[in-house]
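Accompanying notes for the structure given below.
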Amino acid sequence: MIKDNKKIRAMLRVGLFSLITFCACTPISGMAASTAELQQAQRVFTQLASQSMVRANFIQQKQIASVNKIFKSTGQVVFAKNVGVLWNIQSPVQADLIMTEYALVQKTANTQNKITLDKSQYAAVANVFLQLMSGNQKTLLQNFDLQSVQMGQGAMATWQIRLTPKSAMLKKLFQQVEASGGQYVQRIVIHEKSNSITTIQFNQQRNQPQQLSSSENALFQLAK
């Protein structure tokens, strides 16, 4: 049980970095980018922020520099605009990580922990993520610098973005974020302050079903 609890706490930290990356994959940025790059980033931001429901599978690998070891986790993620984000972690442990504008909840079959965001160091991270998905561009621009944008042509064009944090809180967490995708985010690489690297690969992205299930709704209610 102690070993499982340690794994779950590690998954909570990993989940938080995953949420950071979602918020970091689309913001438009400040002085570091050219006008053309800003326009391209605006297209990416508008495209991703227009989704009211996104469901996907994920594979996450975290390479911890201090121990030269890679930790892998898999599961499913649900983003519901104006509601929050649900990470259903399926391996190496089974757990749910629920985030809303009010709280972050970690739930397993036997345990449940709740962090009220206005009283937590994670508030800045949670707020940035929620502001992105709600289209709060003004606040996002206060937190990130866009370092580069590459974008293909056509309706199925893919894109790549590299971002660096501006806010003191985010600078304590990571050095930069690299994200790529098409209609949806497909891959995110987070270079953390500790020199650890987190890579998240998303697949089978979809926007159906549009409605949350009763069990999903119940989980979101825990973070109200």
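Can we say Ala95 is surrounded by 15 or more Cβ atoms within 10 Å (Cβ to Cβ), closer than 29 Å to Ser66 by Cα, modelled with pLDDT of 85 or more and small (Gly, Ala, Ser)?
Criteria met by Ala95.
Suppose we filter the stretch 36-76 for residues that are under 16 Å from the mean Cα position of the chain (by Cα), outside any helix (DSSP H, G or I) and in contact (Cβ under 8 Å) with a residue 60 or more places away in the chain; how many remain?
Of the residues in the stretch 36-76, 13 are under 16 Å from the mean Cα position of the chain (by Cα), outside any helix (DSSP H, G or I) and in contact (Cβ under 8 Å) with a residue 60 or more places away in the chain.
Looking only at residues in the stretch 161-175 that are polar (S, T, N, Q) and surrounded by fewer than 16 Cβ atoms within 10 Å (Cβ to Cβ), which one is farthest from Ser50 (Cα to Cα)?
Restricting to residues being polar (S, T, N, Q) and surrounded by fewer than 16 Cβ atoms within 10 Å (Cβ to Cβ), the top hit is Gln175.
Is it true that some residue in the stretch 67-74 is at pLDDT 90 or above and surrounded by 22 or more Cβ atoms within 10 Å (Cβ to Cβ)?
Yes, the stretch 67-74 has at least one match.
So, in the stretch 156-177, of the ones that are polar (S, T, N, Q) and out of contact with any Gly (no Cβ under 9 Å at 6 or more places or on another chain), which residue ends up modelled with the highest pLDDT?
As a first pass, look at the stretch 156-177 and keep what is polar (S, T, N, Q): 158, 160, 164, 167, 175-176.
Pick out the ones that are also out of contact with any Gly (no Cβ under 9 Å at 6 or more places or on another chain) and you get 164, 167, 175-176.
Values: Thr164: 83, Ser167: 78, Gln175: 88, Gln176: 84.
For the stretch 156-177, the residue satisfying everything is Gln175.
Which strands (runs of 3 or more DSSP E) sit wholly inside the stretch 146-224 and have at least 1 residues that are aromatic (Phe, Trp, Tyr)?
159-165, 174-181, 197-206
The values are calculated or read from the model by the stated rules, or taken from the named source; none is laboratory data. Just so we're clear, the structure is a prediction, and the values are computed from it rather than from any experiment. Note that we place each Cβ from the backbone using ideal geometry, even for glycine, and neighbour counts take in every protein chain shown.
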